[in-house]
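Contents: one structure, followed by commentary.
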Amino acid sequence: MNRNVGKIDKTVRIVVGIALILLALTDVIGAWGWIGIVPLATGFFSFCPAYRLLGLNTCQRK
């Protein structure tokens, strides 16, 4: 698994994921908030399967 999620993208994914999960836990947005697990996981692993399928990469080139 090669990394395809850059630093800024990773940070945004983690923040959005945590926010969605917290909103789901407090029952503000209901069960749909648990979808926040996806951006949280892709942020932690720095790999997004959808990016791979679309040929995208937000990591800086070395």
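The values are calculated or read from the model by the stated rules, or taken from the named source; none is laboratory data. Everything quoted here is computed from the prediction, not taken from an experiment. Cβ: placed from backbone, ideal geometry, glycine included. Neighbour counts: every protein chain shown. Just so you know, the surface numbers come from the protein's heavy atoms only, side chains and all, with ligands and any DNA or RNA stripped out. Shrake-Rupley method; radii C 1.70, N 1.55, O 1.52, S 1.80 Å.
Are any of the residues in the range 26-35 free of Cβ contacts under 8 Å to residues at least 12 places away in the same chain, more than 26 Å from MET1 (Cα to Cα) and open to solvent by less than 50 Å² (accessible area, probe 1.4 Å)? Yes: the range 26-35 contains one or more residues that are free of Cβ contacts under 8 Å to residues at least 12 places away in the same chain, more than 26 Å from MET1 (Cα to Cα) and open to solvent by less than 50 Å² (accessible area, probe 1.4 Å). Looking across the range 45-62, the residues that are of a type in the set (Gly, Ala, Ser) and over 12 Å from GLY6 (Cβ atoms) come down to ALA50, GLY55. The set of residues in the range 1-22 being open to solvent by 40 Å² or more (accessible area, probe 1.4 Å), in contact with a Phe, Trp or Tyr (Cβ under 9 Å, 6 or more places away or on another chain) and in a helix (DSSP H, G or I) consists of LYS10, LEU20. Quick one: is VAL28 outside any helix (DSSP H, G or I) and at pLDDT 95 or above? Answer is yes for this residue.
Pairs linking a residue in the range 39-56 that is assigned to a loop (DSSP other than H, G, I, E, B) to a residue that is surrounded by fewer than 18 Cβ atoms within 10 Å (Cβ to Cβ), with Cβ atoms under 7 Å and 6 or more positions apart or on different chains, are SER46/ARG3; PHE47/MET1; PHE47/ARG3.
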